[in-house]
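The structure appears below as structure tokens.
The values are calculated or read from the model by the stated rules, or taken from the named source; none is laboratory data. Bear in mind that the values here come from a model prediction, so they are computed numbers and not experimental data. Because the Cβ atoms are built from the backbone with ideal geometry, glycine has one as well, and the counts that use them run over all protein chains shown. Heads up: the accessible areas ignore ligands, DNA and RNA and are worked out on the full protein's heavy atoms, side chains in. Shrake-Rupley method; radii C 1.70, N 1.55, O 1.52, S 1.80 Å.
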Amino acid sequence: MIRTATPEDIPALHALVRELAAYEKALDEVVASEAQLAEALFGDRPAAYAHVATADDDNGEVIGFALWFLNFSTWRGVHGIYLEDLYVRPERRGGGHGKALLAELARICVERGYERLEWSVLDWNAPSIAFYESLGARPQDEWTVYRLTDGALASLGGGGTH
């Protein structure tokens, strides 16, 4: 079952974020707290959205999630969805939860007139790449992602010209 996340899901979402980071060999980079996640998703000015996949049994345990935000294409003139994280617990994979999460985001795109659903995947993550390609997703090999964080971001943001 796929549903929109609620504030009650924050502890489960936070735990899943940490599991995803461990899977991606970057757990030491996770500094976000449950409070920060709650503010981003449910605060006065939500910056992100989340859907959860729940177990098919009676307890409805959260076993996966998709966290996303809106982006904008100047070329197309409309919003799109950028999928920040998609994760389903390893022991629950193969049950259609990941596909159902992506299908829900695709449904939102179609319903709202958004023309893109985009995300990044680590080059070494062959199982995920195969899964995404099986759905018709294609890599954008001509683009390279760049990122400013930590000291470089502070240096440019604090001393750069406008």
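If you add up the charges near residue 114, with Lys and Arg at +1 and Asp and Glu at -1, over every other residue whose beta carbon is less than 12 angstrom from its beta carbon, what do you get?
Around residue 114, the surrounding residues sum to +1.
Per residue, how much accessible surface does the chain expose to a 1.4 Å probe? Answer in Å², no decimals.
It amounts to 66 Å² per residue over the chain.
With θ set to phi - 60° and the Karplus curve 6.51 cos²θ - 1.76 cosθ + 1.60, what are the ³J(HN,Hα) couplings of segment 79-93 in order, to the nearest whole Hz, using x for Gly and Pro?
With coefficients 6.51, -1.76 and 1.60, one gets 5, x, 10, 10, 7, 6, 9, 10, 8, 10, 3, x, 6, 10, 5 Hz.
Scan around residue 63 for amide H atoms under 5 Å from its own, H built in the peptide plane at 1.01 Å from N, and keep only partners 5 or more places away or cross-chain.
Under 5 Å from the amide H of residue 63 lie the amide H atoms of 53, 54, 55, each far enough along the sequence or on another chain.
In whole angstrom, how far apart do the alpha carbon centroids of segment 127-161 and segment 63-121 sit?
16 Å
Just want to confirm a number: the relative contact order over the chain, from Cα pairs under 8 angstrom separated by 6+ residues, in percent.
17 percent
Computed FRET efficiency, Cβ-Cβ of residue 115 and residue 146, R0 22 Å: what is it to the nearest 0.05?
Rounded to the nearest 0.05, the efficiency is 0.40.
For the chain, compute the orientation-averaged projected area of the C-alpha convex hull (one quarter of its surface), in nm².
11.7 nm²
Enumerate by residue number the chymotrypsin sites (Phe, Trp or Tyr not before Pro) in segment 90-126 meeting two conditions: DSSP loop (anything except H, G, I, E, B), and at most 16 other Cβ atoms within 10 Å of the site's Cβ.
Passing sites in segment 90-126 are 124.
Under a 10 Å cutoff between Cα atoms, tell me which one of 117, 135, 13 has the largest fluctuation in the Gaussian network model of the chain.
The residue with the greatest mean-square fluctuation here is 135.
Going through segment 1-54, which trypsin sites (Lys or Arg not before Pro) have at most 15 other Cβ atoms within 10 Å and a DSSP loop state?
Sites meeting the loop and neighbour criteria: 25.
Counting each DSSP H run of 4 or more residues in the chain as -39500 (n - 2.57), what helix-only mean residue ellipticity at 222 nm follows after dividing by all residues, to the nearest 500 deg cm²/dmol?
Value at 222 nm, helices only: -11000 deg cm²/dmol.
If a paramagnetic tag sat 7 Å from the Cα of residue 24 along the Cα-Cβ line, which residues of segment 44-83 would have the backbone N under 15 Å from that point?
Under 15 Å, as judged by backbone N against the label point of residue 24, lie 65-69, 82-83 of segment 44-83.
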